[in-house]
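Inspection log for the structure reproduced underneath, given as structure tokens.
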Amino acid sequence: MGRPRNFSREEVLEKAMPLFWKRGFADTGLQDLEKATGVNKSGLYTEFKNKEDLFLAALRHYNETRKGRDLLSVEPLGWGNIERFLKFKLARKDGMKGCFAVNSMRETELLPAEAQDIMTESRANLKRLFLKNIAAEKTKTPPEALTEILSTFFSGICIEQNLNAEKNQARKVEDFVRFLRAQ
């Protein structure tokens, strides 16, 4: 009989996620993960097959647990929800910049194939929420077109946040939502 685990899977994911988020998949080594999680290699390999499996689990965990998307379901649906969502994503108090999933898109070629499926599904879910809010506004421009524009803006502002450009980001969100309202 083996020794009992001294860690929870969720704790490991919460500690590994910021490392992948900041440094990316390729630049995060097993020693880094051991140090960040406090779990040795054999413990990590007992829970996860390899670094790829840990990354995929962290990405899924992020999509399942991160707050913000609930803001897009508040009644009444509309521009207010979108603006609150965008500002919430930019006003992180934990020191993380942007969005883990968006940041990970930069490494698509290096990631396990399943990571792209997770990111694609997450993106599709976010777009559905954007579309519901935009459709509630009865826009002149087709809501699907505005959803694509909003999705691209979201990715761009998340990546830009990594440049420490936080001073202007709230204003950019306000200006962008003002543009959307005019459509």
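The values are calculated or read from the model by the stated rules, or taken from the named source; none is laboratory data. Computed from a predicted structure; not experimentally measured. Note that we place each Cβ from the backbone using ideal geometry, even for glycine, and neighbour counts take in every protein chain shown. Heavy atoms of the whole protein, side chains included, go into the accessibility calculation; ligands, DNA and RNA do not. Shrake-Rupley method; radii C 1.70, N 1.55, O 1.52, S 1.80 Å.
Over the chain, accessible surface divided per residue gives 56 Å², non-protein components excluded, 1.4 Å probe. Dipole magnitude for region 110-173: computed about the Cα centre from +1 point charges on Lys and Arg Cβ and -1 point charges on Asp and Glu Cβ, it is near 400 debye. Normalised by 2.2 N^0.38 Å, where N counts its residues, the alpha-carbon radius of gyration of region 1-82 equals 1.39. For region 46-98, the ratio of Cα radius of gyration to the globular rule of thumb 2.2 N^0.38 Å stands at 1.51. Size descriptors for region 1-153, from the alpha-carbon set: Rg then Dmax equal 18.0, 67 Å. The tail of the calculated P(r) for region 114-177, taken as Cα-Cα distances beyond 20 Å, holds 37 percent of the pairs. Output the 0 to 90 degree angle, nearest 10, between the alpha-carbon long axis of helix 79-90 and the longest principal axis computed from the alpha carbons of the chain. Taking Cα atoms only, the helix is inclined about 30 degrees. Helix 113-135 and the long axis of the chain differ in direction by around 30°, with both axes built from C-alpha atoms.
Taking the Cα centre of region 21-115 as origin and charging only Cβ (+1 Lys, Arg; -1 Asp, Glu), how large is the dipole, in debye to the nearest 20? Using only the charged Cβ atoms, the result is roughly 420 debye.
Over region 85-149, the Kirkwood radius and the radius of gyration, each from Cα atoms, give a ratio Rg/Rh of 1.05. Solvent-accessible area of region 58-118 (1.4 angstrom probe, protein heavy atoms only): carbon and sulfur portion equals 53 percent.
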